[in-house]
Amino acid sequence: MFIYAANWKMKMSFNEAVAFCKDNYKGFLELSELKDKNIVIFPEFTQIKTIKDIFDKNNIFIGAQDCSVNDPGAFTGQVSVSSLKDLGCSYCIIEHSEMREYRQDSPEETAVKILRLDQENIIPVLCVGEYLQDFLSKKYRDAIKDQINRVFELISGYINGNLYVAYEPVFAIGTGNVPEIAHIEEVFDYIIEESKKFKLDGKIKLMYGGSVNEKNAKNLKNIRNLNGFLLGGVSLDFKNFKKIVEL
Ligand code: PGA
């Protein structure tokens, strides 16, 4: 199964997002019928329920862009995993670089989020990726290690379902600068190697994200061990999004 994850970020207002789904409804349904391909839309929290209802009974999956690390309680402004479950979310992004920029979770918090989601059968999509300076100075392995090593250690033996790890080099997000496939494969190999240390290799699935578009997607699909794309900008351009899924 190959995942096409449409990360809408906070780009569309509620009304715009609903109109986008309705305008492209037929196209979404066509995509939902493709074999071995899953479409997952990650809208703003406020849009989840309505979009889920629009695609009711169709094979379009819905995800959230983050979740609280806490059980329901006095946590103003947060959104619980139980609510995401009630709304029918199948996936949840955690540690997207745009979140890490403002409020980075500790490895312990990240691990708790993964396990809470896993308990509710919501598949966590953990984003990792190095900054440009770590890429240029060839310190990317260290950067990725900091983001996965302790988390893998903490979830090892406890996670039941899959964990998607989305490799998104920070300098590739929204910039048009995609690294060479060889670099992406090297990082994928490294993540697999690390996951083996914690007996997680059967559970980890790998995605790539960062400036995937209708022109480079065909080539990027050749990345070894690739299980999906995390698509930002292009997911808001339905014609091109559809082209990528149909490749
Ligand atoms: P992009 O974003 O496709 O616009 O580069 C990807 C992401 O942030 O997940």
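The values are calculated or read from the model by the stated rules, or taken from the named source; none is laboratory data. All figures in this text were calculated on a predicted structure; none of them were measured in a lab. Heads up, the Cβs are rebuilt from the backbone with ideal geometry, glycines too, and the neighbour counts pull from every protein chain shown.
Ser68 falls short on exactly one of the conditions (1) in contact with a strand residue (DSSP E or B) (Cβ under 9 Å, 6 or more places away or on another chain); (2) crowded, with 18+ Cβ neighbours inside 10 Å; (3) among the hydroxyl-bearing types (Ser, Thr, Tyr), and that condition is (1). Among the criteria (1) at pLDDT 95 or above; (2) assigned to a loop (DSSP other than H, G, I, E, B); (3) within 15 Å of the ligand (Cβ to nearest atom), the one Lys138 does not fulfil is (3).
Residues in segment 146-164 that are over 21 Å from Asn7 (Cα atoms), surrounded by 13 or more Cβ atoms within 10 Å (Cβ to Cβ) and polar (S, T, N, Q): Asn149, Ser156.
Output the residues belonging to segment 173-197 that are assigned to a helix (DSSP H, G or I) and either touching a strand residue (DSSP E or B) at 6+ places or on another chain (Cβ under 8 Å) or farther than 19 Å from Ala143 by Cβ (or both). Give the derivation first.
First, the residues of segment 173-197 that are assigned to a helix (DSSP H, G or I): 181-197.
Once the filter is applied, which keeps residues that are assigned to a helix (DSSP H, G or I) and either touching a strand residue (DSSP E or B) at 6+ places or on another chain (Cβ under 8 Å) or farther than 19 Å from Ala143 by Cβ (or both), segment 173-197 yields Ile181, Ile184, Val187, Phe188, Ile191, Ile192, Ser195, Lys196.
Pairs meeting the criteria (first residue in segment 88-111 and within 26 Å of Lys57 (Cα to Cα), second residue crowded, with 16+ Cβ neighbours inside 10 Å and charged (D, E, K, R), beta carbons under 6 Å, at least 6 apart or on different chains) are Gly88/Lys52. Selection within segment 1-55: residues that are of a type in the set (Lys, Arg) and without any contact (Cβ under 8 Å) to a residue 12 or more places away in the chain. The member of this set that is surrounded by the most Cβ atoms within 10 Å (Cβ to Cβ) is Lys26. The condition of being modelled with pLDDT of 95 or more, assigned to a helix (DSSP H, G or I) and either surrounded by 21 or more Cβ atoms within 10 Å (Cβ to Cβ) or of a type in the set (Val, Ile, Thr) (or both) does not hold for Ala143. Among the residues of segment 198-247, count how many are among the charged types (D, E, K, R), in a loop (DSSP other than H, G, I, E, B) and under 18 Å from Glu180 (Cα atoms). Summing the residues that are among the charged types (D, E, K, R), in a loop (DSSP other than H, G, I, E, B) and under 18 Å from Glu180 (Cα atoms) in segment 198-247 gives 4. Of the helices (runs of 4 or more DSSP H) entirely within segment 1-111, those holding at least 1 residues that are over 18 Å from the mean Cα position of the chain (by Cα) occupy 14-23, 25-32, 48-54, 81-87.
Residue-by-condition table, conditions (1) surrounded by 19 or more Cβ atoms within 10 Å (Cβ to Cβ); (2) modelled with pLDDT under 95; (3) away from the ligand (no atom under 16 Å from the Cβ); (4) not β-branched (Val, Ile, Thr):
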| position | (1), (2), (3), (4) |
| --- | --- |
| Ala166 | yes, no, no, yes |
| Thr175 | no, no, no, no |
| Ile192 | no, no, yes, no |
| Tyr208 | yes, no, no, yes |
| Asn213 | no, no, no, yes |
| Lys221 | no, no, no, yes |
| Val234 | yes, no, no, no |
| Lys239 | no, no, no, yes |
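Determine whether segment 145-159 contains at least one residue that is away from the ligand (no atom under 16 Å from the Cβ), out of contact with any strand residue (DSSP E or B) (no Cβ under 9 Å at 6 or more places or on another chain), under 19 Å from Pro107 (Cα atoms) and of a type in the set (Gly, Ala, Ser). There is at least one residue in segment 145-159 that is away from the ligand (no atom under 16 Å from the Cβ), out of contact with any strand residue (DSSP E or B) (no Cβ under 9 Å at 6 or more places or on another chain), under 19 Å from Pro107 (Cα atoms) and of a type in the set (Gly, Ala, Ser).
Checked against (1) touching a Pro at 6+ places or on another chain (Cβ under 9 Å); (2) more than 16 Å from the ligand (Cβ to nearest atom); (3) more than 19 Å from Gly73 (Cα to Cα), Ser83 passes all but condition (3).
Could you tell me whether Asn160 is assigned to a loop (DSSP other than H, G, I, E, B), touching a residue at least 40 places away in the same chain (Cβ under 8 Å) and within 18 Å of the chain's Cα centre (by Cα)? Taking the combined requirement at face value, the residue does not satisfy it.
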